[in-house]
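Visitor: Handing you this structure, nothing more for now.
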Amino acid sequence: MKKMFRFLLIALIVFILKFWIGVYEHDEFGSTHIFIKYRPVWKSYFYSPIGMSDSLLIQFPSEKQIEQILFNEFVSSKGLSK
């Protein structure tokens, strides 16, 4: 019974951390950093497909646009990737 409770507790902690802890790749230097998300989302890894280029967001496919929007929302707008 203790093992099952311990397993469920660890699983619950990991599940909660998945929503609140994120990793982003710096858009200029390529290094990775851990950060706390300001709201819970399932996505944990954030990167910028545009990077430091002067490309426009509309020039990218829709999945890359979504990645960039999420990167801007969770990383750039919070001043993390400077």
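Visitor: Going through segment 27-40 one residue at a time, which ones are touching a residue at least 40 places away in the same chain (Cβ under 8 Å) and either closer than 12 Å to E73 by Cα or out of contact with any Phe, Trp or Tyr (no Cβ under 8 Å at 6 or more places or on another chain) (or both)?
Guide: E28, Y38
Visitor: Can you name the residue in segment 25-82 that is among the β-branched types (V, I, T) and over 28 Å from F15 (Cβ atoms) and, of all such residues, is surrounded by the most Cβ atoms within 10 Å (Cβ to Cβ)?
Guide: Ranking the candidates gives I50 first.
Visitor: Ok, one more. Being out of contact with any helix residue (DSSP H, G or I) (no Cβ under 7 Å at 6 or more places or on another chain) and either in a loop (DSSP other than H, G, I, E, B) or not hydroxyl-bearing (S, T, Y) (or both) narrows it down to one of S48, S53, S77, so name that one.
Guide: S53
Visitor: Okay, moving on. In this structure, is K43 farther than 15 Å from G79 by Cα, modelled with pLDDT of 90 or more and of a type in the set (K, R)?
Guide: yes
The values are calculated or read from the model by the stated rules, or taken from the named source; none is laboratory data. What you see is a predicted model; the values in this text were computed from it and never measured. As a convention, Cβ positions derive from the backbone with ideal geometry for all residues, glycine included, and neighbour counts pool all protein chains shown.
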